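Single-structure report; data block below.
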Amino acid sequence: MYKTILVPIDLSEDNMSRLVIPHVEHFAKQEDAHIHFLAVLPPLSSFYGMGSLPVGHYPSETDRLRHAEAGLRQVAASFNLPDDRVDCHVAIGAPRDRILEQAQSIAADLIIVASHRPDITTYLLGSTAASVVRHATSAVLVIR
Ligand code: ADP
C-alpha cells in the first residue's frame, strides 16, 4: 500500500530524526517500500533578512548542498534499511514547499514526519509538520 515513502529530515535536529526511525523501518519492511529522505536548507539570504548579504566569504550553494547530502547520508545510515531502497535528496528553500514538491515529484504515497522538536513542548504540531499535514495530497504519518 505504501511503496514510496518520503521522510523529510531536519539536519539540525538529531532527536527529532531519531523519533521516526522505528516507524520508517517498520513500513520499509512491511511494505518493501522505497524510502526517500529529504533535507531542506534555508537560503543563505534568510540569515540576513530580505536585504543583501554583507561582504564576506560564503560557501557556494553547491558546497552547502554537498555538505548537507553527506550529513543526510549519515542520518540515513542510522536507519536499518537496504541500500538499494534508499534515496537521499537535498534542496534549498522553505521546508514545507520543498517537501510538498518532492512528494509530488516522486509520487510519494506516504510522508512520515515528527510532530515537532522534542524540546519545544508548547507546540502540538510544528509549523512544517502542520503545513505538510494540511497541504499534502498523500497520507501523512505524524510521529509524536
Ligand atoms: P518545529 O517547528 O518544532 O521545528 P517542524 O514542523 O519544523 O517542528 O518539524 C517537524 C518535521 O518537519 C520534522 O520532523 C521533519 O520531518 C520536517 N522538517 C522540518 N524542518 C525540515 C527541514 N529543514 N528539512 C526537512 N524536513 C524538515
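At a glance:
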{"quantity": "Looking only at the stretch 23-43, and only at residues there that are outside any strand (DSSP E or B) and within 14 Å of the ligand (Cβ to nearest atom), the one that is surrounded by the fewest Cβ atoms within 10 Å (Cβ to Cβ)", "calculated": "P43"}
{"quantity": "Test result for L81, within 14 Å of the ligand (Cβ to nearest atom), in contact with a strand residue (DSSP E or B) (Cβ under 8 Å, 6 or more places away or on another chain) and either of a type in the set (D, E) or at pLDDT 95 or above (or both)", "calculated": "no"}
{"quantity": "Residue in the stretch 66-78 that is touching a Gly at 6+ places or on another chain (Cβ under 9 Å), more than 10 Å from the ligand (Cβ to nearest atom) and under 17 Å from T128 (Cβ atoms) present", "calculated": "no"}
{"quantity": "Hits in the stretch 112-130 (condition: near the ligand (Cβ under 8 Å from one of its atoms) and either touching a residue at least 40 places away in the same chain (Cβ under 8 Å) or surrounded by 13 or more Cβ atoms within 10 Å (Cβ to Cβ) (or both))", "calculated": "I112, V113, A114, S115, H116, R117, L125, G126, T128, A129, A130"}
{"quantity": "Filter pass, S46 being of a type in the set (S, T, N, Q), closer than 15 Å to R64 by Cβ and either away from the ligand (no atom under 12 Å from the Cβ) or within 15 Å of the chain's Cα centre (by Cα) (or both)", "calculated": "no"}
{"quantity": "Given (1) of a type in the set (V, I, T); (2) within 13 Å of the ligand (Cβ to nearest atom); (3) closer than 23 Å to F27 by Cα, number of the condition V86 does not satisfy", "calculated": "(2)"}
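The values are calculated or read from the model by the stated rules, or taken from the named source; none is laboratory data. Keep in mind that this is a model prediction, so the values were computed, not measured. Using ideal geometry, Cβ is built from the backbone for each residue, glycine included, and neighbour counts are taken over all protein chains shown.
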